[in-house]
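Everything below concerns the one structure shown next.
The values are calculated or read from the model by the stated rules, or taken from the named source; none is laboratory data. In this text the structure is predicted, and so the values were computed from the model without any measurement. Note that we place each Cβ from the backbone using ideal geometry, even for glycine, and neighbour counts take in every protein chain shown. Just so you know, the surface numbers come from the protein's heavy atoms only, side chains and all, with ligands and any DNA or RNA stripped out. Shrake-Rupley method; radii C 1.70, N 1.55, O 1.52, S 1.80 Å.
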Amino acid sequence: MGKEIEECFIAGKLLKHPKEVNVFLNGGFTHEDSVTIIETVSQLSAVSPNLTIRLTHPGAYEPDHGIVINLKESPNQSQAIQLNNQVIAGKSCMHPKPIKNKIEITLDGSPRSEALRKKSLIQSLYFSVVPIKLNKTRAEELCSISENGIAFKRHYLNLLNLLYANELVDDHEIGNFIKIRSNLKS
C-alpha cells in the first residue's frame, strides 16, 4: 500500500482533496447513473472522517472546484469508453491541493459501453479522490457490482482512509514519507 500512496505525490508533494468535495454532473446522465453516483459518494464519504463528498446541482457555469463529470456519447470513437481525468491544482489553506478534477467520459453507444458505464462512473469518482493510476488490474479489482449494490474491495477503502488520515498532511514531501515507511519496515 505504501507504493500506492507514493503515487499520490505530485512533483514530490502529497496532494489530496480538501475535506469537503462537491461533485457536479453534466451531460447525458440517466436516473440509473445518478443512483450509481449517489451510492458511490455515500460509500466513499463513510470511509474517512476527513473526507466528505457531496453531489451538488451544477449552475449555469462550470464550477472552478470539486469533481466535474461530463458524460457524452460519440458513436464514431474507436473505444467503447474513453475516460479523461484532468487534475487542476491550486492552494487551499496555504497548501497545494487538487481543487478540481474535470472528468470526461465518452461512450460510443455500443452494448459494450453500456455494460461498462456503471463501473466507469464509479472508477472516475474513486480515482479522483485517490489519485493513483487507473490500470486494467485496478479497474477490475476496485469493486464488485450486484443487485445488492456496489461493494468496494477492502484494500481500496483502506487506501482511501490512509490517504486522508491526519498523519498524512498536505504538502508532505515524498522523501520524508519514504523514510518513515522504511523505518516502519525495519
Yes/no for L51 being among the aliphatic types (A, V, I, L, M), open to solvent by less than 20 Å² (accessible area, probe 1.4 Å) and out of contact with any strand residue (DSSP E or B) (no Cβ under 6 Å at 6 or more places or on another chain): yes
Residues of segment 1-26 that turn out to be closer than 20 Å to Q86 by Cβ and either hydroxyl-bearing (S, T, Y) or in contact (Cβ under 8 Å) with a residue 60 or more places away in the chain (or both), as a count: 12
Qualifying residue in segment 118-141 (condition: at pLDDT 90 or above, among the hydroxyl-bearing types (S, T, Y), in contact with a Phe, Trp or Tyr (Cβ under 9 Å, 6 or more places away or on another chain) and farther than 22 Å from N22 by Cα): no
Q86 vs. criteria open to solvent by 80 Å² or more (accessible area, probe 1.4 Å), farther than 25 Å from R154 by Cα, in contact with a helix residue (DSSP H, G or I) (Cβ under 9 Å, 6 or more places away or on another chain) and polar (S, T, N, Q): no
Any hit, segment 105-112, residues being more than 28 Å from D64 (Cα to Cα) and either under 20 Å from the mean Cα position of the chain (by Cα) or not in a loop (DSSP other than H, G, I, E, B) (or both): yes
Test: S74 is surrounded by fewer than 19 Cβ atoms within 10 Å (Cβ to Cβ) and either at pLDDT 95 or above or farther than 30 Å from E6 by Cα (or both): yes
